[in-house]
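Each remark here refers to the structure printed beneath this line.
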Amino acid sequence: MKERFKTLKAKRIIGLLSLAAVIAVFGVISYFMVYKFFSSGATAQGFEAFIEGYGWWGRFVALGIQMLQVFVAIIPGEFVEVGLGLSFGFIEGTIICLAGVGLASALVFTLVKIWGVKLVELFVEKEKIESLRFINSEKKLNTLVFVLFLIPGTPKDLLTYFVPLTKMKLSEFLFISMFARIPSVVSSTIGGDFFGNGKYLEGALLFVATGAISLLGILIYRKILAKYHERKEKKEDA
């Protein structure tokens, strides 16, 4: 009994230290992103100038910003992805994006597994958490998570906080979500690359097409939610 208590206490201490370290790291990143970036002008060109101001080390700043975007789910991911495509080109921008998303997703997943829903509620409204409860009850959990991460316009960073509350393992989640994210990330970094090379028409057409697909994705996502709530109401009335 005492050994079990000591193990539990040790896990909580490790969890607290991990959370404190995460808050400290992302606090520093937030300073760079919010203060310095916005003081240089919150535009794609401003983002490029901001990153280039750090020289070769700008890659690590960009990686940190991408991680912050996942950790703080309210920051729009597409904006960061386009900025990285503009700053580093399609190939390197995509690699940095996926690396940042992967590292941040693994960190969020691990911390949520330790702290549970209490940690999620620090970053996500309870109403939004409740709206995703249907995922946990699905028999084909892996398939559903893949579809939700694949469809443009779905709240992927919000889902990153919720999926750890299900039975899914970290290795499964990273494989499924990272593979499903690739088309969305690639389209954004290619668009940024187009603008960086003066191909404004191609970039505009790509973003119009991506926007249309994202709108369709949002409608599909809302339909999935509506179907779940309808099924839930039927069970409650039965």
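Yes/no per residue for (1) aliphatic (A, V, I, L, M); (2) crowded, with 19+ Cβ neighbours inside 10 Å; (3) out of contact with any Ser or Thr (no Cβ under 6 Å at 6 or more places or on another chain); (4) assigned to a helix (DSSP H, G or I):
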| residue | (1), (2), (3), (4) |
| --- | --- |
| Ser171 | no, no, yes, yes |
| Phe194 | no, yes, yes, yes |
| Leu201 | yes, no, yes, yes |
| Leu205 | yes, no, yes, yes |
| Ala209 | yes, no, yes, yes |
Practice prompt. Go through (1) in a helix (DSSP H, G or I); (2) modelled with pLDDT under 65 and name the single condition Phe50 misses.
Written response: (2)
Worksheet entry | Cβ-Cβ under 6 Å pairs, at least 6 apart or on other chains, region 67-90 side farther than 22 Å from Val120 by Cα and surrounded by fewer than 24 Cβ atoms within 10 Å (Cβ to Cβ), far side of a type in the set (Asp, Glu) and at pLDDT 80 or above | Gly89/Asp193; Phe90/Asp193
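Every residue, every condition in (1) surrounded by 19 or more Cβ atoms within 10 Å (Cβ to Cβ); (2) part of a helix (DSSP H, G or I), yes or no:
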site	(1), (2)
Ile129	no, yes
Thr154	yes, no
Phe162	yes, yes
Leu174	no, yes
Arg181	yes, yes
Worksheet item: Within the bounds of region 128-138, is there any residue that is under 22 Å from Phe175 (Cβ atoms), at pLDDT below 85 and of a type in the set (D, E, K, R)?
Response: yes
Worksheet item: Taking only pairs six or more apart or across chains, which ones have beta-carbon atoms under 8 Å, a first residue in region 198-215 that is closer than 16 Å to Gly77 by Cβ, and a second residue that is basic (Lys, Arg) and surrounded by 13 or more Cβ atoms within 10 Å (Cβ to Cβ)?
Response: none
Worksheet item: Do we find a residue being part of a helix (DSSP H, G or I), touching an Asp or Glu at 6+ places or on another chain (Cβ under 8 Å) and under 16 Å from Glu81 (Cα atoms) anywhere in region 137-144?
Response: no
Discussion item. Checking Arg181 against (1) over 24 Å from Ala204 (Cα atoms); (2) at pLDDT 85 or above; (3) of a type outside the set (Val, Ile, Thr): exactly one of these is not met. Which one?
Written reply: (1)
Worksheet, complete the sentence: Restricting attention to region 184-221, the residues that are modelled with pLDDT under 75 and of a type in the set (D, E, K, R) number exactly 0
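The values are calculated or read from the model by the stated rules, or taken from the named source; none is laboratory data. Model, not experiment: these values are computed from the prediction. Don't worry about glycine lacking a Cβ; one is built from the backbone with ideal geometry, like all the others, and counts go over all protein chains shown.
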